[in-house]
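Here is the structure we will look at.
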Protein chains: 6
Amino acid sequence: MRPSGRQPSDMRAVTLERNVAMKAEGSCLVAFGNTKVLCTASVETSVPGWLRGKGKGWVTAEYGMLPRATGSRTRREATAGKQSGRTQEIQRLIGRSLRAVVDLEALGEVQITCDCDVLEADGGTRTASITGAYVALVDAIKWMEERQLTRGKALIDSVAAISCGIYRGTPVLDLDYLEDVEAHTDANFVMTGAGKFVEIQGTAEGAPFDRSELDALMVLAEKGIGELSSMQKSVLGQ
Amino acid sequence: MRPSGRQPSDMRAVTLERNVAMKAEGSCLVAFGNTKVLCTASVETSVPGWLRGKGKGWVTAEYGMLPRATGSRTRREATAGKQSGRTQEIQRLIGRSLRAVVDLEALGEVQITCDCDVLEADGGTRTASITGAYVALVDAIKWMEERQLTRGKALIDSVAAISCGIYRGTPVLDLDYLEDVEAHTDANFVMTGAGKFVEIQGTAEGAPFDRSELDALMVLAEKGIGELSSMQKSVLGQ
Amino acid sequence: MRPSGRQPSDMRAVTLERNVAMKAEGSCLVAFGNTKVLCTASVETSVPGWLRGKGKGWVTAEYGMLPRATGSRTRREATAGKQSGRTQEIQRLIGRSLRAVVDLEALGEVQITCDCDVLEADGGTRTASITGAYVALVDAIKWMEERQLTRGKALIDSVAAISCGIYRGTPVLDLDYLEDVEAHTDANFVMTGAGKFVEIQGTAEGAPFDRSELDALMVLAEKGIGELSSMQKSVLGQ
Amino acid sequence: MRPSGRQPSDMRAVTLERNVAMKAEGSCLVAFGNTKVLCTASVETSVPGWLRGKGKGWVTAEYGMLPRATGSRTRREATAGKQSGRTQEIQRLIGRSLRAVVDLEALGEVQITCDCDVLEADGGTRTASITGAYVALVDAIKWMEERQLTRGKALIDSVAAISCGIYRGTPVLDLDYLEDVEAHTDANFVMTGAGKFVEIQGTAEGAPFDRSELDALMVLAEKGIGELSSMQKSVLGQ
Amino acid sequence: MRPSGRQPSDMRAVTLERNVAMKAEGSCLVAFGNTKVLCTASVETSVPGWLRGKGKGWVTAEYGMLPRATGSRTRREATAGKQSGRTQEIQRLIGRSLRAVVDLEALGEVQITCDCDVLEADGGTRTASITGAYVALVDAIKWMEERQLTRGKALIDSVAAISCGIYRGTPVLDLDYLEDVEAHTDANFVMTGAGKFVEIQGTAEGAPFDRSELDALMVLAEKGIGELSSMQKSVLGQ
Amino acid sequence: MRPSGRQPSDMRAVTLERNVAMKAEGSCLVAFGNTKVLCTASVETSVPGWLRGKGKGWVTAEYGMLPRATGSRTRREATAGKQSGRTQEIQRLIGRSLRAVVDLEALGEVQITCDCDVLEADGGTRTASITGAYVALVDAIKWMEERQLTRGKALIDSVAAISCGIYRGTPVLDLDYLEDVEAHTDANFVMTGAGKFVEIQGTAEGAPFDRSELDALMVLAEKGIGELSSMQKSVLGQ
């Protein structure tokens, strides 16, 4: 039934490859099927102005897409002179998701910027970004710990994200581009390794959805997040 | 327990005042307690480029805040030279919410722009904006119907929005600014008059939340949306 | 003769309503007939860079127009990415006019920003803005005096503004939109309560004007400013 | 009494040099003392969008200042990314002033852009710009007439501009920079060769001014404009 | 002598990998040692405005760098709101270099945009970009030929680029970052497979250079370009 | 053979006029035939942020073109909101060229900004700019020396620039606009008075060029630079 032949509760093949960027303190190349995102985590000594002198750190994210990550070429945002509303929305979501599992006081007065650059886009770029950026972030924090730059345990939990949607009447897990275009309801779930919610964003693209449909999506999401959390632990050698 | 003395399931006093802008095809001044938003709906004959010639219309929204709607003066976005990520995120949400209850083919090839300008901000500006913009939109569509500019019934349902959150451990309805700042979980619900979901956005500001907390917020939201939908019907004389 | 039925030397109904913005140190909703402007005065502790450390304060103004204050929707300047030349010209005029009646040394090293946001536009938005912003400014200075933040008497005089023009050959006071579009000469006068000029801007929109026409406009302006000054005094309880 | 030793009613040495820009249809290098402005008039076949197809032309102006026209280097507006409010105000004034003496229907559907670039600034750059741009404009219109591109007589009158001010209590003509900085009242007059007003802008920089002071400035302005108009006629060989 | 232990006339290990971007008509991942650039070539049916209707095509390039391609994080140009002067200079060079080997009339009225995005930067990103973009361009033109979209043979020759410099007194080929920082003279050569020059850019970073030094760099460049051209032919199966 | 009737190795008439800008510390109006550039050098006490506190100075350049320096009017960059890639490329070249002959430590912690504004453009604006800016720079450094603001001899050598190209098969010196448009190869040479190279930029506009053609251009360039260096010395009274 699904264009890819997957079962409704099947995720695409997911891979997480660490240490792909020579110069970053942490990095991860994440693939959700044909969606590929290069995530780097950069430790910088300056924090945003409003945090200065408060002894707390900050975790933030930026998101970009290579012009030909998409089926037809997308205009480069640096040429357009600004980031689109969609880009800003996504990078704010990634930043909030990562901050939910970091103790900013333990981090000390540094900023970690997670850059998520989409090399290939086939649906689910924001969920892949969150899942991969977490891995890059863990390595950046390890890098800090090895240099005794933190003030205790900065990581509280792990975090991952997955999309679900109602495709031709059936709730399915991890939409690819073909499904995303057609799905009547589209939801993104960001959850911790402990199984709690960090963020839920459900949107009726066509007809509004009801409580039972939302419940079905949640069940799928919990399954998917469980699998992603295991993969994160495994690749991080935990 | 709540700073305002409200019960957990109490909304603030809500008012919806129609026809407040002399020149707009539809308008509504909406108040959720001390939050006040002026909503106008403008009918324009041009649609976005990618819709041209397809016989369909479009509904979009823009959001702004007067500089001194807030406790300390906020920089004017026209001076800053761009809309913030937050502003873009909110206006995209308002636009999607309104489109969920409009038959764009019945609308014909016109664009209705709903401007939501916050005169006073005390929490819940996006939910008040959606609730008020719907009223302005209905009047703009009536204005079109009176001139026989639509191609049949363009309105499918009504739409309203409300926030909920977990404040000092208790799920509460319709957060004001003092509660919003302190709440550990904050969720916005956009629902139709028929009781279905158009959009859910739940965010853990502090600790992640679990399924039972989310369920409690949904119960509150359904109550609140029910009351808002009744008020919308009443003020529209339906 | 005038579209509104007014006599040549009649102003429109003018109202000045104080304390309309909960959070601002001073505020005034001013109406010149159907033109309505919300003016707020915000006291801020930082002054422009070039004034820093000189023991003097600053009064400045910003001007904006809600998109549907006008007959057809005007593009939002925050979306356009910049303020128009007209907007900048108007806000510079408002700022100069207010500074003319303030002793900046007595103010101390603070900045008062007067925001003038047009809710409805029917001609004369800049003159209404000046007249209303003065009332908001007075209340902001009173707020400072109550907290003993000034260094003596900061207000030197009052200030108000009115437009005049030559409409179908007759000099008339306080042009509304219909007159403004058609008037051959259009002049704005900013004057103090003591009857002196702060600013005169006369423009020949069609045929150039001569000295006697200018003299006739000045007589009207003096009458109008006199009435506005009385209203300002009255609403301020002076 | 004046820093330059001039009498109150003396203008600075004024020169108007035609045909200084090889490629422009009209050009004039104007000097008011040490203030020097290069004015070019360019005939272009496209008019602004809102005029298209109406059979009318347009005259507009742009104003700029070389970075080291001023005592200390001024930031280049192309680097800053936008024109300042002051620049926009001035170029709007120049454009209005020139349009006041042109019959836009006789011009036909073309646009003439007058660029006024200040090579040296010593006060009065906007009045020098108007006075010089008129000469450039006349030559551009002659260029069109020689090619029979106009539809009749496009020039209605001549136009020139001069500043006046109250310097140390005395009304003086044509302020230079030293006087401008100190003057309590500063007024710019744009007048036609026939002696009528196109624009008056009087501003109290310090204390407000009264009717008799304004009258004294007008007398000076009329004298100055008379002299400038004669020079324009003379240099144009009329 | 060189930090990498290379001989003066040694290039770094160069790899060219085709078809790395699923959606692009042509693509190549090029590595010059640790410098890695992802090049894609996108065929689009619209040409720049000034070429429209002339029956000719266009080849252009855009250049970007992922924020953490560099040792310390570089600000994202999309966030800064504009491309730097360096970026524009590089992308103009890439575009000119590619156009030198394309018959734009044979291409027909299409535009091919070559995006060069630097994943890792270790010196020589512009020369790697040109060398890799050529491979992507060839594949995009093949894609067109397979669909009979060209009007004859569009490729005239091959093109590649290499840097040379004077490092601690010795002319060396293919500078890496450590050498680039220290080199007194830095030159980029763009040459065709036939051994002719498309572009030479030599810059004295420290002391000016003389004719004999330039000659020595040219000899190195010819050697390097020869090797790069062979690799391009080989990977393209020519 | 050349449109101007010049011999292949003839430069256009070159003039260098010092002290043309009253307020700048150094200035030069340079003409290469009909190309005219006004160069000013401004001494400022602040250096770029990354140089602060290092006891070194900086020399930088900005380039602009008056809108009607060209045959048809060019859009003003201040209106466009940014400098073009071409402008940035040129001003970076001018800055690098000037820095090549300045000892930045001897300069002390000041910045000298050389503004090159093209009054008339007929080809070779960048080479004229470098040649003229050097003269302005020398005068600015003299101005500093007279005030004992330098720390020893800041000028190392002189610098000038000239273009060469292959026009209708013949190598020619100092291309004018008509030649530039048609030339198959275009090269700019920046050289010191001592005859060394600071920068070489050779571009094949049409067919690639070979080594012997490049050699022929170098011979011409050396001749031209020799003449320019003499003129610079002469006008500077050295």
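Of note:
- Listed residues B:S27, B:S72, B:S129, most fluctuating in chain B (Gaussian network, C-alpha, under 10 Å): B:S72
- Using heavy atoms of the protein chains and a probe of 1.4 Å, the accessible area assigned to E:K196 is about 80 Å².
- For the protein assembly as shown, DSSP calls about 85 percent of its internal beta bridges antiparallel.
- Here F:E17 and C:T79 are evaluated by their C-beta separation; at R0 = 45 Å the FRET efficiency comes out at 0.40.
- When you restrict to C-alpha pairs under 8 Å that are six or more residues apart and normalise by the size of the stretch A:109-238, the relative contact order lands at 23 percent.
- Ranking by accessible area, most exposed first, for A:W58, D:W143, E:W50 with a 1.4 Å probe: E:W50, D:W143, A:W58
- Heavy-atom accessible area with a 1.4 Å probe sorts E:V14, C:V118, largest first, into E:V14, C:V118.
- Cα gyration tensor, the stretch B:1-148 - rounded (a/c under 1.5), prolate or oblate: prolate
- Peptide C:23-33 - average C-beta neighbours from other chains (10 Å radius): 2
- Alpha-carbon centroids, the stretch E:168-238 and the stretch C:197-230: separation in whole Å: 73
- Convex hull volume of the Cα atoms of the stretch A:71-164, normalised per residue: 120 Å³.
- In the assembled protein chains, D:L178 presents an accessible area of approximately 110 Å² (probe radius 1.4 Å).
- Placing a label point 7 Å from the Cα of A:G85 along the Cα-to-Cβ direction, the distances to the matching points in the other copies come to 1.6, 2.9, 3.0, 3.0, 3.6 nm, shortest first.
- Helix F:85-99 vs. chain F, principal-axis angle (Cα, 0 to 90°, nearest 10): 60
- Counting heavy atoms of the protein chains alone, C:Y134 has an accessible area of about 10 Å² for a 1.4 Å probe.
- Shielding by partners for peptide A:206-212, expressed as the average number of C-beta atoms from other protein chains within 10 Å of each residue's C-beta, is 5.
- In summary, the lysines within cross-link reach of A:K56, defined as a Cα separation below 28 angstrom excluding same-chain residues under 8 places away, comprise A:K23, A:K142, A:K153, A:K196, A:K233.
- A cut-off under 13 angstrom between Cβ atoms defines the neighbours of A:G193, and their net charge, with Lys, Arg +1 and Asp, Glu -1, is -1.
- Summary of the geometry: the stretch C:110-158 and the stretch A:101-165, compared by the centres of their Cα atoms, lie 48 Å apart.
- Closest-to-axis residue of chain F (Cβ criterion, axis taking F to A), whole Å: F:G81, 5
- Net charge, C:E62 excluded, C-beta distance under 14 Å - Lys, Arg +1, Asp, Glu -1: +3
- Rounded to the nearest 10 degrees, the angle from helix B:125-146 to the longest Cα principal axis of chain B is 20 degrees.
- At 0.890 mPa s and 25 °C, Stokes D of the protein assembly as shown from Kirkwood alpha-carbon radius, µm² per second: 69
- Inter-chain shielding of A:118-126 (mean C-beta neighbours from other protein chains, 10 Å cut-off): 2
- Cβ-based net charge around D:E120, under 13 Å, with every Lys or Arg adding one and every Asp or Glu removing one: 0
- In nanometers and ordered shortest first, the copy-to-copy spacing of the A:T15 label point, defined 7 Å from Cα toward Cβ, is 1.3, 6.3, 7.0, 7.0, 7.6.
- Relative to the dominant Cα principal axis of chain E, helix E:211-235 is inclined by about 50°.
- Over chain C, DSSP H runs of length four or greater, each weighted -39,500 (n - 2.57), average out per residue to a 222 nm ellipticity of -10000 deg cm²/dmol.
- Just checking the listed ones, F:A128, F:A21, F:A161: in the Gaussian network model of chain F with Cα springs under 10 Å, the one fluctuating most is F:A21.
- Each other copy holds its own label point for D:L149; taking that point as 7 Å from Cα along Cα to Cβ, the gaps run 4.1, 4.1, 4.7, 5.9, 6.4 nm, nearest first.
- Heavy-atom SASA rank of A:S234, D:S9, D:S4, C:S158 (probe 1.4 Å, accessible area, largest first): A:S234, D:S4, D:S9, C:S158
The values are calculated or read from the model by the stated rules, or taken from the named source; none is laboratory data. Everything numeric in this text was worked out from a predicted model, so none of it was measured. Here Cβ is always computed from backbone atoms with ideal geometry, including for glycine, and neighbour counts include all displayed protein chains. Each accessible area value is taken on the protein alone, full model and side chains, heavy atoms only, with ligands, DNA and RNA left out. Shrake-Rupley method; radii C 1.70, N 1.55, O 1.52, S 1.80 Å.
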